[in-house]
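A short write-up of the structure that comes next.
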Amino acid sequence: MLNRYFKRKITFLLGCITAVSLLFALRWNLMSDATQPAQIMLIQLLHSVTFGGFFYVGIKLIALLLPRPLRSAGQAVYTVALSGLAALIAGFFGGWLYQNLGGGVMYRTGMGLSLIGALGYAAMWYRIHKNGYSPIMERY
């Protein structure tokens, strides 16, 4: 369904991934203050939007940013980085933060990292919006 309504334009997708990163920050901020199971369940509804949106938009961006011969490798690296490497780092670092500084600090750290990511995507959007995008394709 999203294929029907989402534009296949790099700047649009970068705007979407920036918005999803901001929703991640909102989710982590809300989790840092949650005290009741009902609050956590409602906040976790954002997980479908944040994780699903991040994965979907990321795959679409790879298809637009990489030349055709590199797309499958790019999608594989993206999937490994998103679900494997990021989970490994977040598990160890988040566990350390939770054990030593508490859940609130752990979730606020996630919020800060999400905001940094959103700034990075916004800067990328601005650069491509202003200068356009033309991949260097020497061998492809």
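Laboratory data are not the source of any read-out in this text; all were calculated from the coordinates shown. The structure displayed is predicted, hence computed values, not measured ones.
Here the Gaussian network model covers the chain, with springs between Cα atoms less than 10 Å apart; of T35, T50, T79, T35 fluctuates the most. Evaluated on the chain, the Kirkwood hydrodynamic radius is 16.6 Å, with distances taken between all distinct Cα atoms. Using the Karplus relation 6.51 cos²θ - 1.76 cosθ + 1.60 with θ = phi - 60°, the per-residue 3J(HN,Hα) values for the range 13-28 come to 5, 5, x, 5, 6, 5, 5, 5, 5, 5, 5, 4, 4, 4, 4, 5 Hz, with x marking Gly and Pro.
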